[in-house]
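The structure appears right after this line, and notes come after that.
The values are calculated or read from the model by the stated rules, or taken from the named source; none is laboratory data. Computed from a predicted structure; not experimentally measured. Cβ placement follows ideal geometry from the backbone for every residue including glycine, while neighbour counts extend to all protein chains displayed. Remember, those area values only see protein heavy atoms, side chains included, never the ligands or the DNA or RNA. Shrake-Rupley method; radii C 1.70, N 1.55, O 1.52, S 1.80 Å.
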Amino acid sequence: VTPAADSAVEALFAAALAARQKAYAPYSNFLVGAAFRDEQGRIHAGCNVENAAFPQGACAETGAMTAMVLAGGTRITEALVLGWPRSADGAGGPLCTPCGGCRQRLREFASPDLRVHIADRAGLRATFSLAQLLPESFGPEHL
Ligand code: THU
């Protein structure tokens, strides 16, 4: 599937690509964009925002999730992440899958069958379920 072949994915792709353009990543020079669809069909995007105190940097997924919560969204129903180095052409490199911490953050607002699309500049590269990315996970219902 390419983004052009699926208008729902295409909209996520466009939002994530635009968000990546805003990334603040002067230390890693690795620019990431994420876009999440919420239960109301709305799309929320985020970019990574780094910090001179390196551990204080935030991933693109975290920003998109904050935007969703601020807008009143409660569930992530589809996700797309894309990222590549500033100096790369952005096609055909390693898949930019969510980091472990962001997989757990997704877990808070999504079901195990959440589709997490990974794209690059050329379009969709792969789709995983959240259960694939974070098997046997711990979530709100455990508390
Ligand atoms: N990064 C993200 O924003 N999301 C990912 O899925 C992978 C990594 C960011 C964190 C840091 O700013 C840069 O990419 C390099 O790790």
Apply the Karplus parameterisation 6.51 cos²θ - 1.76 cosθ + 1.60, with θ equal to phi minus 60°, to every residue of segment 65-76 and state each ³J(HN,Hα) to the nearest whole Hz, in sequence, with x for glycine and proline. 5, 4, 4, 5, 5, 4, 7, x, x, 10, 9, 9
Longest the chain segment clear of chymotrypsin sites (Phe, Trp or Tyr not before Pro) sitting in DSSP loops (not H, G, I, E or B) with at most 15 other Cβ atoms within 10 Å runs 28-137
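How high is the relative contact order of segment 1-68, in percent, with contacts defined as C-alpha pairs under 8 Å that are six or more residues apart? Spell out each step's value before the answer.
Values: 129 pairs, mean separation 17.9, N = 68.
In percent, rounded to a whole number, it is 26.
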In vacuum, with every alpha carbon of the chain counted as one equal point scatterer, what does the Debye formula give for log10 I(q)/I(0) at q = 0.12 Å⁻¹? Two decimals, please. -0.43
Between R75 and E141, what is the label-to-label distance in nm when each label sits 7 Å out along the Cα-to-Cβ direction? 1.2 nm
Those GluC sites (Glu not before Pro) from segment 42-143 that are DSSP loop and have at most 14 other Cβ neighbours within 10 Å turn out to be E136
Accessible surface of the chain, 1.4 Å probe, proportion on carbon and sulfur as whole %: 58 percent
Starting from the amide H of R125, placed 1.01 Å from N in the peptide plane, find each other amide H under 5 Å away whose residue is 5 or more places distant or on another chain. I118, A119, D120
